[in-house]
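One structure is given below, encoded as structure tokens.
The values are calculated or read from the model by the stated rules, or taken from the named source; none is laboratory data. Quick caveat, the model's predicted, so the values are computed rather than measured. Note that each Cβ is placed from the backbone with ideal geometry, even for glycine, and that neighbours are counted across all protein chains shown. Protein only, heavy atoms only, side chains kept; ligands, DNA and RNA dropped before computing areas. Shrake-Rupley method; radii C 1.70, N 1.55, O 1.52, S 1.80 Å.
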Amino acid sequence: MAKIITVTSGKGGVGKTTTTAALGAALARTGDKVVVVDFDVGLRNLDLIMGAERRVVYDFVNVIQGDARLPQALIKDKRLDSLFLLPASQTRDKDALTEEGVDKVIEDLSRHFDWVICDSPAGIERGATLAMRHADIAVVVTNPEVSSVRDSDRIVGILDSKTLKAERGETVDKRLLLTRYDAVRAARGDMLKTEDVLDILSLPLLGIVPESPDVLRASNFGVPVSIHDPDSAPARAYNDAARRLKGEDLAVEVPKQKLGLFGKFLRRAA
Amino acid sequence: MTLWKRLFTNGSAPQARERLQILLSHERQMLGGDDLLSSLREDILAAVAKRVPCERDSVKVRLERGTPMSVLEIEVEIRGNVDLRMTQAA
């Protein structure tokens, strides 16, 4: 049986889709069978970030409505043999995803994969609650910024009440992934510190992904950032996070700014 | 901002932290997100209401987490001037 991960945040634009693609590729790189599932019906983007946008024939809604079989809708990644994508549909009908339909698809997927990673839409509406419904692990993606932390706190409350695990009286294993971490602003004291966010949300830390042009560059190419340039700082952060998900006990590194003497002087004076 | 101010202020992060802590403790109470706090609140309400009339909204429970000590703050508002003898007898 697969482990089911939901990547969620409440707030939009914090890096859920980037994270889904990056963790999916990082886990698949270790040889595990991984499927990433886009729950953002009407506004799909995971296909684009994975570089598979031109190979979408059938989607999640087609499978639920019986217009396609699951294997027909799954898209195999061009770079990693064990990585698959189930795209969302572009239909405007948000009710196209039904509880029973999602249950059936997730159940089928978890029989054939080691990891099922659900990319949640922003918000706390139906799409988001359906995406978290089956979660064993929730990766709560948060930026060190007030509105993102507030929305994450809200999402944590929903994870504790509206998931299948919560209904069974169990708890979802929730992990915090701090993204768009800016070491320069952190040093200047203008960004919430990692400890602050951890203290406020009281979640265990899965990793810290630094703000980096590498993320944008990888998305331009349609390659998950964790495999685009594996030596880049965000790639290392995501690959380490994947190892933690697999149970490795790995210390989390807080990104530091890399500045020469001149840069240090400029930063203080800025 | 002047160079002088830049060098000797602590940045805006502490403000963010403080505002969030206040806001979230309030929102968790309202939304019943934090299980421990909402059940504590129910227990306290039941205990107080046995002796004095008291409404649900007038019980406030806050938990400030910290090391080495956390503080549990309980505030119960009771309407009017409470007659101590009467409440004991009730």
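What the table shows:
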| item | result |
| --- | --- |
| Total residues in segment A:167-209, condition free of Cβ contacts under 8 Å to residues at least 12 places away in the same chain, in a loop (DSSP other than H, G, I, E, B) and within 12 Å of chain B (Cβ to nearest Cβ) | 5 |
| Selection count where residues are open to solvent by 60 Å² or more (accessible area, probe 1.4 Å), part of a loop (DSSP other than H, G, I, E, B) and in contact with a helix residue (DSSP H, G or I) (Cβ under 6 Å, 6 or more places away or on another chain), scope segment A:48-102 | 1 |
| Subset of segment A:21-72 (residues that are of a type in the set (S, T, N, Q) and more than 18 Å from A:N220 (Cα to Cα)) | A:T30, A:N62, A:Q65, A:Q72 |
| From B:V71, B:V76, B:V82, residue being among the aliphatic types (A, V, I, L, M), under 30 Å from A:S148 (Cα atoms) and more than 11 Å from chain A (Cβ to nearest Cβ) | B:V71 |
| Top-ranked residue in segment B:1-49 [being open to solvent by less than 40 Å² (accessible area, probe 1.4 Å) and polar (S, T, N, Q); ranked as modelled with the lowest pLDDT] | B:Q29 |
| Residue that is nearest to the other protein chains (Cβ to nearest Cβ) [pool: residues in segment A:108-160 that are in a helix (DSSP H, G or I) and closer than 26 Å to A:R29 by Cβ] | A:M132 |
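Residue-wise test of (1) surrounded by fewer than 19 Cβ atoms within 10 Å (Cβ to Cβ); (2) closer than 19 Å to A:P255 by Cβ.
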site: A:S161; (1), (2): yes, no
site: A:K174; (1), (2): no, no
site: A:Y181; (1), (2): no, yes
site: A:G189; (1), (2): yes, yes
site: A:E195; (1), (2): yes, yes
site: A:S202; (1), (2): yes, no
site: A:L206; (1), (2): no, yes
